[in-house]
1. Do we have residue 103 as under 28 Å from residue 75 (Cα atoms), open to solvent by 50 Å² or more (accessible area, probe 1.4 Å) and either touching a Ser or Thr at 6+ places or on another chain (Cβ under 8 Å) or touching a residue at least 60 places away in the same chain (Cβ under 8 Å) (or both) here?
2. Hey, could you check region 236-250 for residues that are surrounded by 15 or more Cβ atoms within 10 Å (Cβ to Cβ) and of a type in the set (Lys, Arg) and say which is farthest from residue 28 (Cα to Cα)?
3. With respect to residue 254, is the statement that it is surrounded by 14 or more Cβ atoms within 10 Å (Cβ to Cβ) and either among the charged types (D, E, K, R) or closer than 30 Å to residue 35 by Cβ (or both) true?
4. Would you please name the residue that is nearest to the chain's Cα centre (by Cα), looking only at residues in region 3-17 that are modelled with pLDDT of 95 or more and surrounded by fewer than 17 Cβ atoms within 10 Å (Cβ to Cβ)?
5. Mind listing whichever residues of region 192-208 are open to solvent by less than 50 Å² (accessible area, probe 1.4 Å) and under 30 Å from residue 119 (Cβ atoms)?
6. Take residue 23 and tell me if it is hydroxyl-bearing (Ser, Thr, Tyr) and open to solvent by less than 40 Å² (accessible area, probe 1.4 Å).
7. Which one is nearest to residue 121 (Cα to Cα) among residues in region 7-32 that are in contact with a Leu (Cβ under 8 Å, 6 or more places away or on another chain), in contact (Cβ under 8 Å) with a residue 60 or more places away in the chain and assigned to a loop (DSSP other than H, G, I, E, B)?
8. Across region 33-57, which residue is most open to solvent (accessible area, probe 1.4 Å) among those that are charged (D, E, K, R) and not in a helix (DSSP H, G or I)?
Amino acid sequence: MRWNDQVFYLAVSGLAVNLRQLTGVEDLLLLEAPSLDTRLALALLTKIAQVADGSEVAWDTLSIADLDTLLLKTRQAVFGDRLRADATCPGRNCGAPIEVSFQVSEYLANYLPGKARGTEATEESGWFRFRDIPVSFRLPTGADQVAIAYHSHPKQQLIERCVRPADIPAKQLRRVEKAMETLAPNLAQNLQGKCSECGAFVEIYFDPQQFTLRELRNQSAFIYEDIHLLAMYYQWSETSILALPRQRRMQYAEKLRQTRRSA
């Protein structure tokens, strides 16, 4: 499978990455996954992303911001730069549909990492410390999200994994959280829109992981029918069909549907 020649850089880690086209293998992965979560996101990225210089990387060690960037870049490659999110107007007696749209490239440009004041990198890879208090921390990763997903107290568990010592005062914890947000801005944000009918404002919570995985899964819905059509008409094996780039497979299958409709 040919990899995309276009390389992009992850803002937090600085890794140069490229992506390959999705195939039926990824379509089945998306459709058959029990939930749209970080575990699925990592499984998908492991298949379609690679570091440009060919070096190995454990994708679950990347920050959440970098993983969300990878998903948005995947979404951008499949559907284009313009992203649309739908909501319903919360205004009394309105309920009109509202569309919030933006460009992925502009969205990512608005959430670039910065330098956290009063912090410095430690000798331990990925860890930072404050210069004026004995507190160190690291950025939450995909592995952390997987680990705390079903924990009864996920926030406390995340603190215990990413902050030393974990039992710091609330004021110091707020400093840690602010530093983390500066070093790796959260891409899951509330988007604002305005109803054209009644003028009411609406907020839509945008989660890049959930949004992208749902869009990709929805487009995978015809994979079983595509396999059936191509195997029946061309006598291709399932393995061969699944190896086709998604767009090419969809075009072949659509040609067959058109032929059947006109017969």
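1. Working: under 28 Å from residue 75 (Cα atoms): yes; open to solvent by 50 Å² or more (accessible area, probe 1.4 Å): yes; either touching a Ser or Thr at 6+ places or on another chain (Cβ under 8 Å) or touching a residue at least 60 places away in the same chain (Cβ under 8 Å) (or both): no.
Answer is no for this residue.
2. Step one: of region 236-250, the residues surrounded by 15 or more Cβ atoms within 10 Å (Cβ to Cβ) are 236, 241-242, 244-246, 249-250.
From what's left, of a type in the set (Lys, Arg): 246, 249.
Working: 246: 11, 249: 14 Å.
That would be 249.
3. no
4. Per the criteria, the residue is 9.
5. To start, the set of residues in region 192-208 that are open to solvent by less than 50 Å² (accessible area, probe 1.4 Å) comprises 193, 195, 199-200, 202, 204, 206-208.
Selection gives 206, 207, 208.
6. On the way: hydroxyl-bearing (Ser, Thr, Tyr): yes; open to solvent by less than 40 Å² (accessible area, probe 1.4 Å): yes.
Against the criterion (hydroxyl-bearing (Ser, Thr, Tyr) and open to solvent by less than 40 Å² (accessible area, probe 1.4 Å)), residue 23 qualifies.
7. Looking at the filtered set, the residue picked out is 12.
8. First, pick out the residues of region 33-57 that are charged (D, E, K, R): 37, 39, 47, 53, 56.
Add one more test, that the residue is not in a helix (DSSP H, G or I), and what stays is 37, 53, 56.
Working: 37: 38, 53: 119, 56: 171 Å².
Ranking the candidates gives 56 first.
The values are calculated or read from the model by the stated rules, or taken from the named source; none is laboratory data. On a predicted model such as this, the values are computed, not experimentally measured, just so you know. Because the Cβ atoms are built from the backbone with ideal geometry, glycine has one as well, and the counts that use them run over all protein chains shown. Keep in mind that these areas ignore ligands, DNA and RNA; they rest on the heavy atoms of the full protein, side chains included. Shrake-Rupley method; radii C 1.70, N 1.55, O 1.52, S 1.80 Å.
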